[in-house]
Amino acid sequence: MKTEVNHISSCKREVLIEVPPENLKEEYSLLCERYRQKAKVPGFRPGKAPLSVVLRHYRPAIREDFLERAVQNHLLKALEAENLSPLATPKVQDLKYEDGGTLSFTASFEVLPKLEISNYRGLEVEKVHPEVKEEEIEKTLEQMQERLAEFSPIEDRAIQDGDFAVVAYKGTYLDESRPDFESKETYIEVGGEGTIEEFTRNLQGAKPGETKTFSVSYPADYPGREMAGKQVRYVVQVQALKSKKIPELNDDFAKNVGDYNSIEELRLKIRQDLQAGKEQAARQEMQEKLLETILDLSLFEVPQALVERQTEARMNEYVRGLIMRGIHPQTLGANWSEVRLKQKQRAEHDVRVSLLLDHIADREKLEVSDGEVEEEIVKRAREAKQSVEAFKSRLTKDGGADRIKNRIRNRKTMDLLLSLASFKDPQGMILQS
């Protein structure tokens with residue numbers, strides 16, 4: 001067999017293959033015999049018809065079957081001999097074969113590009129100094145107060161501003177672009193800062209048992225994208241009326257929140273948690289800046305097979321997100337060509353990042369142990385409130401363990417990039433690591 005490999009680009013290959021007749025004769029004979037054993041030929045029992053008769057009836061089918069098998073077998077041999085690993089099924093072209101003659105064809109496909117990137121050491125990055133502000137601690141305390149607030153029923157009067165109306169409602173989009181939605185029990189602060197004006201206006205003066213019907217026109221810049229620019233008709237039934245009591249910030253409050261002896265001890269823990277979160281976010285921000293710097297300095301071709309694969313994954317995730325928000329994709333009215341184009345652009349960046357991190361990890365010989373994977377699986381199982389065995393079983397079915405291993409390796413690579421960087425302040429002065 002004669003094989004010639006053409007490097008069309010850094011990740012595109014074209015393989016020209018010629019198989020001489022003597023390498024095909026045995027394959028063809030074996031296939032003909034299989035057909036003879038199974039062929040149904042009038043006047044003959046199965047397996048008893050002469051080969052010449054079988055060929056007269058089945059020659060086109062035998063030829064098609066033979067060529068498919070021969071191309072697959074000899075292409076596989078050529079790929080193994082040349083140490084080539086296509087990223088997708090090769091495209092076969094220029095197939096030529098005359099009975100008893102030479103078989104020739106061309107196979108084109110993509111492979112991973114061989115990167116030669118070493119400019120990731122000593123890069124400069126602006127040092128991010130996270131700082132926790134007092135108002136952030138107070139906001140966290142307010143959120144805790146809200147979670148521990150108690151609601152008391154209000155009897156024998158109508159709703160006033162500041163009250164909480166417990167309602168059941170059904171919403172209908174007037175343009176029928178999306179399915180109806182409903183809630184059996186929702187607390188609405190009448191006159192509250194975050195309450196839509198139409199709800200406040202229609203619930204003021206109402207009593208439990210009453211039903212209110214009204215419409216809300218949402219502005220185009222409304223934070224909820226599924227409602228932005230839409231008009232919704234609501235049917236709201238008032239179930240109960242309650243007042244909210246916010247607990248005082250004192251030592252008793254701290255003890256109710258957790259294992260704290262005083263409000264100051266709780267404040268200190270909040271500060272420490274916020275600081276840790278900010279430091280992690282700052283670290284991630286610096287790592288991403290370094291990564292983008294390396295990408296800007298490193299031009300390399302990205303295999304479109306991987307881009308298409310990642311685009312499909314992104315599109316599936318996008319559709320799943322719509323469904324989880326109660327939006328049927330067919331009723332969204334989106335320009336799916338534009339949606340796919342945006343996802344493809346992001347997918348190309350995803351693939352570029354993945355190839356770069358894999359390359360750096362290979363150069364630096366970064367490895368992930370089974371123990372590290374096991375530790376991550378245990379952590380994720382706890383977060384998902386599942387047993388480790390059940391979580392592992394699900395991972396095994398969808399190849400999740402390999403993805404976890406890859407994420408750990410990427411995390412190690414990002415940590416390495418930061419450890420190799422030089423830090424500077426906003427004025428450009430170089431700081432010590």
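Of note:
- Residue check: residue 51 meets all listed conditions (1) surrounded by 13 or more Cβ atoms within 10 Å (Cβ to Cβ); (2) at pLDDT 95 or above but one, namely (2).
- Residues located in the range 154-194, provided they are closer than 13 Å to residue 238 by Cβ and among the aromatic types (Phe, Trp, Tyr): 164, 169, 187
- Scanning the range 1-55 for residues that are under 15 Å from residue 99 (Cα atoms) and assigned to a loop (DSSP other than H, G, I, E, B) yields a total of 2.
- Scanning the range 146-181 for residues that are basic (Lys, Arg) and surrounded by 13 or more Cβ atoms within 10 Å (Cβ to Cβ) yields a count of 2.
- With respect to the stated conditions, residue 403 fails to be closer than 30 Å to residue 298 by Cβ, part of a helix (DSSP H, G or I) and touching a Leu at 6+ places or on another chain (Cβ under 7 Å).
- Every pair of residues 6+ apart whose Cβ atoms lie under 7 Å, when the first sits in the range 413-424 and is touching a residue at least 24 places away in the same chain (Cβ under 8 Å) while the second is basic (Lys, Arg) and outside any strand (DSSP E or B): 418/283; 420/121; 423/127; 424/127
- Unmet requirement for residue 102, which otherwise passes all of (1) of a type in the set (S, T, N, Q); (2) more than 15 Å from residue 23 (Cα to Cα); (3) touching a strand residue (DSSP E or B) at 6+ places or on another chain (Cβ under 9 Å): (2)
- In the range 219-248, the residues that are in the same structural domain as residue 157 (by TED's automatic domain parsing) reach residues that are of a type in the set (Asp, Glu) and part of a loop (DSSP other than H, G, I, E, B) with C-beta atoms within less than 6 angstrom, at least six apart or across chains, in these pairs: 238/210; 241/163.
- Number of the condition not met by residue 128 [criteria: (1) modelled with pLDDT of 95 or more; (2) among the aliphatic types (A, V, I, L, M); (3) part of a loop (DSSP other than H, G, I, E, B)]: (1)
- Those residues of the range 86-107 which are assigned to a strand (DSSP E or B) and surrounded by 17 or more Cβ atoms within 10 Å (Cβ to Cβ), in sequence order: 92, 97, 103, 105, 106, 107
- Output for the range 144-161, where each listed residue is under 42 Å from the mean Cα position of the chain (by Cα) and touching a residue at least 24 places away in the same chain (Cβ under 8 Å): 144, 145, 146, 148, 149, 150, 151
The values are calculated or read from the model by the stated rules, or taken from the named source; none is laboratory data. This structure is a prediction, so every number in the text was calculated from the model and none was measured. All Cβ positions, glycine included, derive from the backbone under ideal geometry; neighbour counts span all protein chains shown.
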